[in-house]
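Read the structure below first, then the notes.
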Amino acid sequence: MPLPAFTLHRPRSAADAIALLDEDCLAYSGGTELLMAMRMGLIRPTALVDLKRIDELNTITLGADRLLIGAGASHDRVAGDALVAEHAALLATAERLVGNARVRAQGSIGGNICFAEPRSDVATVLVALDATVLLQSASSRRSVPATEFFLGPYWTAREPGELLTAISIPLPAPAGVYLKFQTVERPTVAVAAVALPEGGYRIVVGAVGDLPVSADYAQLTAVDAADLAARVEPVSDLTGSERYKRHVTEVFVRRAVAALAGGR
Amino acid sequence: MRLTFDVNGVGQQADDVWPGESLLYVLRERMGLPGTKNACEQGECGSCSVYLDGTLVCACLVAAPQAQGRAVRTVEGLATDSAGGLDHIQQAFVETGAVQCGFCTPGLIMATDDLLANTPTPSDAEIREALAGNLCRCTGYEKILDAVRLAASRRTEVTP
Amino acid sequence: MSVPTTQRPTGTETATGRLGDITLLPDGIPKVTGDFAYSSDLWMDDMLWGVTLRSPHPRARVRSIDIGAALATAGVTAVLTHEDVPGSKYYGLEIADQPVLAVDEVRYTGEPVAIVAADHPETARRAAAKIVVDYEVLDPITDSRAAMSPDSPLVHATPTQDHYPGGGNILRHVRIRRGDPTLTADVVVTGEYDVGMQDQAFLGPESGLAVPAEDGGVDLFIATQWLHVDQRQVAESLGLPEDKVRLSLAGVGGAFGAREDVSMQIHACLLALRTNKPIKMVYSREESFYGHVHRHPATMRYEHGANRDGTLVYVKCEVVLDGGAYASSSPAVVSNAASFAVGPYNCDNVLIDGYILYTNNPPCGAMRGFGAVQVCFGHESQMDKLAAALGIDPVELRIHNAMAEGSLMPTGQVVEGAAPVAELLRRVKDAPLPAAAPTDSYDLRALPGGVSNTTHGEGVRRGVGYAVGFKNVGYSEGFDDFSTARVRLEVVGGELVATVHTAAAEVGQGLITVMAQIARTELGVEQVINQPADTSIGTAGSTSASRQTYCTGGAVQAACEAVRDGILAMASARGLSVEGAALRDGKIVAADGAAVASVADLLGEEIVEETREFHHRPTEPLTRDLGAPGDIGQGAAHLQFAFAAHRVVADVDVELGLVRLVEVTTAQDVGKALNPLSVVGQIQGGTTQGIGLALMEEIQVKDGKIRNPSFTDYLIPTILDTPPMQVQVLELGDPHAPYGLRGVGEPPTISSTPAVVSALRAATGRPLTRVPVRPEHITGT
């Protein structure tokens, strides 16, 4: 079913793309979420800016103290990249599990987090890794921590004229486990449990509520799964009632902690 | 707009394409290539799987202008050189009874082609994972697994 | 007797098999190359696109419809409403209660109100959105119990009382009484069970192409299950004689009951005749969920009484099926549900009440299993419960009560021929069990939830469950669902060629393969051409009720026999002795095996062509429940019975309520496996649909609206959900049926669902009285 008419721009540089972005002109990378939303009439941009010809958005580079992942990199690309595997293995794990083969091939990591579907593998892990996102507009650049970037369902801190250019993961990145479960194409609950480089542990519960919930603990034994599950606000839907989801959250936090403790 | 792109190795052109049309629509309604199917048009069923510059995508989720200047390969373009007109995956699907109504078949064949290109001797678990995004309502998937195993075994015979 | 349970290609598969050979589908090659023309692939120069405007309300009066803005849209050629229907404004399979386009009231969300033709589908859609309908929204009648109440408002203000007097919104009430259900029993077990609304979810959308003809008629290329019943309804609504309405079968992308009712057939033809252009209509997936009937949701109350030794004393059952807004095939579905409510067990004392209702919920009708699916969940759940109450092994309890040849149905009908209930159960019970799950396995794909549940086997319990079920084959209660076939034998290019022509709908089950196999076997010819199905030949009846191989196979066999008689007569006329001769390998072969003549030589330029109808032996209507005493739903209503049993092994993560099926074994009697590959394929496919109903499939309706009309939220099993499936095929021939065959398609969908739930109960100890089972039911949260 065709979409309403729009103009498609295909710039070759991030600066050119940024010059075009506004409320009615949206960035278009993989399009797996964008086109569905347009088809359902949820958004009606008059123009799209195709980012796929902008090389700088598709690079993954290692800095002195950070790993920079271009926003245009596909899930498959991130999942299979050697630098990601070495320095931020948890992200590679999560990326390998996103959606299905076609979504992973076509969808971009930047598009995923800008769309901000609450049931997100990527958001959960980025919060665990203390990642920041790099936003660039015609007049400024800023770096926003993941915890401040996600504001609610389908709502981020990105302004209409801003392009998300990269995700920055501070190194050394925490290592740990990523567990999730889903019965449809998106996770019902996702838990990232990591050992922080400076000591202590972080448990992030994502996908089940509107935003990821993160808690740091000095010891793993201090993690109270029931307590953490109680802090989450699950959304009742066709995949489960609030009560069931809270129960599942508790189970997963417990299992994540056990997995982390067991060194898996 | 005029869409100029490569389809199954041949340069093609489609005129009066609406920017909002999907690649699936263009292939089926403008290029006379209805082999790629429209079972859901929501990216859920896999029946519209095609290669876009070598990557397996859902044609229903690709806006037609995206294909400008790029190479598309569909099920109609698989059997390019083998005698008898079928490639080994297509042949295996026919022989094993993996085709009932056949509506899912083109998408499954494309997904199998992609799987075997990346994993020439997949385990059953790997096959299931790779084909998880392709819905079939008729077969219960058992004979599809037979087909993929058979195609994999023949592929290794041909390309040692 | 049994074919191997795993079918590996042996290299002997051919496209030219005879009966019993593994034979490849003749349409397999175009299906794998993408050349096969499904109804949504049809294309014609100059064609316009048709689109439907549907009601957003489950119940409303239609005060006015303003098509002005829509009609004025550039690119739009026609906008039609009920006023433009020249013939009958109502259609229906059993009762003509369904408006072609809404007249004064809409009765379900999604009911068609207007249709638009334009030069681009998007133009047509946007124009349809400009149609202004003034609705007076009414409170929908959505609760079954409330709808049954005599005080309830009526879904149909003037229900067709003459057809099935039930009163009010009760479309049909079937009563079956036999023996003395008031007897006492040592042990009594009661239960209430629910089955959610399943969808057929075929992959090929509703679609077709209607082409106006020069004679003022129309040619319709359509994916359907029964060309002639579509033809009748189209002709009646167009006000045309049937010979001006010609239907041809386009490629069908699955059916499973959802293509028995008219969807876009009349609409496309109306637009074609109005615009004088070919009209193509293709439903989107979302529209498809609204555009066809679903499986009836059911609530059932059962009471089983048994003696200490396990012998059933009585079974009482009340089944309430929600038929939704229009009748469709509901009257037949409730008859089936009631007839099979006890299950394949001997029980002399039964009291069964089956109700089917009108509500403002989505209309329900045929889906593979047709009423037997719902009650099988009921009676098999009860048998498990009874076994537990008696302390008897659940399979032994079933075997103890199992039907056999000569048993009586609750309807009093004698079960003729083999009824191998006990054997099927023993086979699934004795089949080797899969190896126990390794406790240190970190292969996520081997655990409940698979790759999407990335935990490691904590809290996983395994359960094994069993179920057995049966159903009728063919139409029931006196309906003569005959079939017609024309077979022609001639020499073309020096080679003997048989052409088979029927109107039977091939929907993927492999019917055309079997028809060719029959022709090859009966006529001894290798080259068989299947002529496309259309209405130029007499009816073949519906592709449903697992009846096509029986009825159309029977017609093809009869036509072949007539052709053979013709050949033999020709030979005899030339002085050849043909006593007891047959046709084999292109020759007339005498009874002693000697070749008498070459058929090709005999024929020369001549053609032998015969058309035959196949009528199965008649069945009887159930004595009608007209309220008079003594009417107890008795009669030999069914043509043939087909039985299947399942065993399911399931691993359950009891903390999460996630299920992973480890293995499913099916044993089924198919009478004779005409094409072993297709038979196993049907059994595996049907089992998978049963798995879907058990674990994940439900159209969720709230206040008459469908909450999940998409594959995102209506989940059907993927390859990650299906386990390895072992199939054991029994061939206990039915002496009354062509080649001894039994219908295959439906039995595997019937006992699979309760077998899955039985395994989950074994693993979890939870009662699980509703399907689909949700994770919350297992965790209890």
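The values are calculated or read from the model by the stated rules, or taken from the named source; none is laboratory data. Being a predicted model, the structure only gives us computed values, none of them experimental. Reconstructed Cβ throughout: ideal geometry from the backbone, glycine too, with neighbour counts over all protein chains shown. Areas reflect the complete protein model, heavy atoms only, side chains present, ligands, DNA and RNA absent. Shrake-Rupley method; radii C 1.70, N 1.55, O 1.52, S 1.80 Å.
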Q | Per residue solvent-accessible surface (Å²) - chain A, probe of 1.4 Å | A | 39
Q: Would you please classify the overall shape of region C:105-220 from the alpha carbon gyration tensor, given that a ≥ b ≥ c denote the square roots of the eigenvalues, rounded means a/c under 1.5, and beyond that prolate means a/b larger than b/c while oblate covers the rest?
A: prolate
Q: Using the charge dipole of region A:7-50 (Lys, Arg: +1 at Cβ; Asp, Glu: -1 at Cβ; taken about the Cα centre), state which of A:I18, A:L42, A:T32 has its Cα farthest towards the positive end.
A: A:T32
Q | Heavy-atom accessible surface that C and B bury in contact, both chains counted, 1.4 Å, Å² to 100 | A | 4700
Q) Kyte-Doolittle mean at least -0.5 and Cα extent at least 20 Å along the axis: which DSSP H helices of chain A qualify? A) A:242-261
Q) Based on the alpha-carbon gyration tensor of region A:8-57 and its eigenvalue square roots a ≥ b ≥ c, which shape applies: rounded if a/c is under 1.5, prolate if not and a/b is larger than b/c, or oblate? A) oblate
Q: Can you bin region A:175-262 into rounded, prolate or oblate? Criterion: square roots of the alpha carbon gyration tensor eigenvalues sorted a ≥ b ≥ c, rounded for a/c under 1.5, prolate for a/b above b/c, oblate for the rest.
A: prolate
Q) Which is farthest toward the positive dipole end of region C:43-144 among C:A124, C:G87, C:S144, measuring Cα position about the Cα centre, with Cβ charges +1 (Lys, Arg) and -1 (Asp, Glu)? A) C:A124
Q: Report the GluC sites (Glu not before Pro) located in region C:349-443 that are in a DSSP loop and have at most 16 other Cβ atoms inside 10 Å of their Cβ, or state none.
A: C:E405, C:E416
(Q) With +1 on the Cβ of every Lys and Arg and -1 on the Cβ of every Asp and Glu, and nothing else charged, how large is the dipole of the protein assembly as shown about its Cα centre, in debye rounded to the nearest 20? (A) 1620
**Q.** Degrees, to the nearest 10: B:105-118 long Cα axis against longest axis of chain B
**A.** 70
Q) Relative contact order, percent, of chain C when contacts are C-alpha pairs under 8 Å separated by at least 6 residues? A) 16
Q. In region C:537-637, which GluC sites (Glu not before Pro) fall in coil by DSSP and have 11 or fewer other Cβ atoms within 10 Å?
A. C:E579, C:E605
Q. How many percent of the accessible area of region C:622-719 is carbon or sulfur, using a 1.4 Å probe?
A. 51
Q) In deg cm²/dmol, rounded to 500, what helix-only [θ] at 222 nm does chain C give when every DSSP H run of at least 4 residues adds -39500 (n - 2.57) and the total is split over its residues? A) -7000 deg cm²/dmol
Q. What percentage of the solvent-accessible surface of region B:3-78, computed with a 1.4 Å probe over protein heavy atoms, is contributed by carbon and sulfur atoms?
A. 44
Q: Straight distance only, please: which lysines reach the Cα of A:K52 with their own Cα at less than 16 Å, same-chain residues fewer than 8 apart left out?
A: none
Q: Sort out for me the Cα centre separation of region C:670-748 from region A:139-163, rounded to whole Å.
A: 49
Q) Counting pairs of alpha carbon atoms under 8 Å apart in space and at least six apart in sequence, what relative contact order in percent does chain A give? A) 16
Q. In Å², rounded to the nearest 100, what is the total accessible surface buried by chains A and C against each other with a 1.4 Å probe?
A. 2300
Q | Restricting region C:277-332 to trypsin sites (Lys or Arg not before Pro) in coil, as DSSP defines it, with at most 15 other Cβ within 10 Å | A | C:R308
Q) Distance from the Cα centre of region C:631-652 to that of region C:466-509, in angstrom? A) 24
(Q) Taking the Cα centre as origin and putting +1 on Lys and Arg beta-carbons and -1 on Asp and Glu beta-carbons, what dipole magnitude results for region A:27-107, to the nearest 20 debye? (A) 400
**Q.** Which listed pairs, of A:K245/C:K385; C:K471/C:K672; A:K180/A:K245; C:K385/C:K429; C:K316/C:K385; C:K471/C:K705, have C-alpha distances above 22 Å, in listed order
**A.** A:K245/C:K385; C:K471/C:K705
Q | Label-point separation in nm, C:D430 to C:S572, each point 7 Å along Cα→Cβ | A | 4.9
Q: Would you list, by chain and number, the aspartates and glutamates whose Cα falls below 13 Å from the Cα of C:K587, excluding same-chain residues fewer than 8 positions away?
A: C:E495, C:E522, C:E526, C:D601
Q: Sequence neighbours fewer than 8 away in the same chain don't count; with that in mind, list the lysines whose C-alpha is under 19 Å from B:K143.
A: C:K31
Q: For the protein assembly as shown, go through all pairs of different Cα atoms, get the mean of 1/r, take its inverse, and jot down that Kirkwood value in Å.
A: 31.6
